[in-house]
Amino acid sequence: MSTATSITATLETPTTSRRRRPLWLRLGIITAGLYLLLAILSALFPSVLAPHDPYQVHMRAILAPPSSEHWLGTDESGRDVLSRLVYGAQASLAIGFGATVLGVVAGSFFGLLSGLGPKWLDTLIMRAVDCLVAVPDILLALIVITLVGGGTINTLIAVGIASIPGYARIIRAQTHQVRVSPYIEASRILGLNRYEVAVRHVFPNAFRPLVSVIALRMGGAIGAGAGLSFLGLGAPPPQAEWGAMISTARNFLLTDPMLVLWPALALTFTVVAVTVLAREIKQRLEGRSV
C-alpha cells in the first residue's frame, strides 16, 4: 500500500497540484494580472486614459474633494489627481523596467566574464561584487545619485547599477554549473570555439533560472525608484511620479490624507501585483523543470 502511494505521489505533476489551488488564490493571481495590465496601459497610453491634463493648474479648485469632474479630487495646485496617477505610471514603471534591464545586461556580462574567464579575472570581479553586495541597494543607489545627479534617467541608472552585483553572482554561479556539463564538452569536441560555446550553450542555460528572479526584483526596482523620488532625488517637479506625489502630499497629510493614499495605493498594488505574478512564473518554471 505504501508503495502504491509513493508511485501516485511521484506521478502527480505540478500541473495537477496547481489545479487544486483554492479559488481565492486563483482570483488573486487574475486580479494581479489585470491590475498590472491596467498599469502598463496607463504607462503606454496615458493621454487616452487620463481624463484631464495632469499639469493644468486650477487655482479655484485647490484640494477639491472627489466629484463628477475630478473623480479622485485635486491636489495642492488644483491638478486632477486621477490624471496624475495615470501619467505617474509611466515614470514609475519606466524606472523599474529600465533599471531591471540595465542590471540584467550588465550583471550577465560580468557574471559570464567571471564564470568563463581565467581564475585571476574571476577573483577580481567577485571581490568587487562582494564589496558592492555588502552595501544595501538603496544606499548604493543614493551614492550613484550623489555622483551623477537627480532626475528620472539618473534614478533609472542608479537603481540599475545597484542591482548589477546580485545578477552577476547568479549568472556566475549558473555559468560554473553549466560549463562542466557533458554537452558543453561535446560542443568543444565538435570544434566550437569559446565564444560560440558561450553564446549558443552557456548563456541560454545559465540565464533560464534568472527569469523568475528578474520578475521578483522588478517590483523592488519600482519601489526603489519611487523611494528616491520621495526623497527628492528622482523625477523633478512637476513631473507626475508616484513617489514624488507622495512626497508632496505628505505636507497635507492632516488636512487631506486621501492625497497621500491614492499614489501610495497605486505604488503598493503595482509592487504586489508584480511580486504575485513573479511567484507564479517561478512556480511554473520549477514545475517544467521537474
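For region 240-266, filtered to residues that are in contact (Cβ under 8 Å) with a residue 24 or more places away in the chain and open to solvent by 60 Å² or more (accessible area, probe 1.4 Å), the residue that is farthest from the chain's Cα centre (by Cα) is 255.
Selection over region 55-65 of residues that are without any contact (Cβ under 8 Å) to a residue 24 or more places away in the chain and open to solvent by 80 Å² or more (accessible area, probe 1.4 Å) gives a count of 3.
Across region 135-155, the number of residues qualifying as closer than 16 Å to residue 168 by Cα and either in contact with a Leu (Cβ under 6 Å, 6 or more places away or on another chain) or open to solvent by 80 Å² or more (accessible area, probe 1.4 Å) (or both) comes to 1. Residue 50 - would you say it is out of contact with any Pro (no Cβ under 6 Å at 6 or more places or on another chain) and under 30 Å from residue 167 (Cα atoms)? Taking the combined requirement at face value, the residue does not satisfy it.
The residue that is modelled with the lowest pLDDT, among those in region 103-124 that are under 22 Å from residue 208 (Cβ atoms), among the aliphatic types (A, V, I, L, M) and open to solvent by less than 60 Å² (accessible area, probe 1.4 Å), is 116.
When residues in region 31-51 are screened for being part of a loop (DSSP other than H, G, I, E, B) and open to solvent by 90 Å² or more (accessible area, probe 1.4 Å), 1 of them pass. Restricting region 43-66 to residues that are in contact with a strand residue (DSSP E or B) (Cβ under 9 Å, 6 or more places away or on another chain) and among the small types (Gly, Ala, Ser), the residue that is farthest from residue 262 (Cα to Cα) is 61. Can you tell me which residue is nearest to the chain's Cα centre (by Cα) among those in region 78-102 that are open to solvent by 30 Å² or more (accessible area, probe 1.4 Å) and farther than 12 Å from residue 52 by Cα? Looking at residues that are open to solvent by 30 Å² or more (accessible area, probe 1.4 Å) and farther than 12 Å from residue 52 by Cα, I get 97. Would you confirm, using the coordinates I've provided, whether residue 234 is small (Gly, Ala, Ser) and modelled with pLDDT of 85 or more? Considered against the rule, which asks whether it is small (Gly, Ala, Ser) and modelled with pLDDT of 85 or more, residue 234 comes out as no.
Taking region 132-197 as the region of interest, the helices (runs of 4 or more DSSP H) fully inside it that hold 1 or more residues being at pLDDT 80 or above and more than 14 Å from residue 95 (Cβ to Cβ) are 137-148, 152-178. Scanning region 73-102 for residues that are of a type in the set (S, T, N, Q) and modelled with pLDDT of 90 or more yields 74, 83, 90, 92, 100.
For residue 63, state whether it is part of a loop (DSSP other than H, G, I, E, B), in contact with a Leu (Cβ under 9 Å, 6 or more places away or on another chain) and closer than 18 Å to residue 247 by Cα. Considered against the rule, which asks whether it is part of a loop (DSSP other than H, G, I, E, B), in contact with a Leu (Cβ under 9 Å, 6 or more places away or on another chain) and closer than 18 Å to residue 247 by Cα, residue 63 comes out as yes.
The values are calculated or read from the model by the stated rules, or taken from the named source; none is laboratory data. What you are looking at is a predicted structure, and each value in this text was computed from that prediction instead of being measured. Here Cβ is always computed from backbone atoms with ideal geometry, including for glycine, and neighbour counts include all displayed protein chains. Just so you know, the surface numbers come from the protein's heavy atoms only, side chains and all, with ligands and any DNA or RNA stripped out. Shrake-Rupley method; radii C 1.70, N 1.55, O 1.52, S 1.80 Å.
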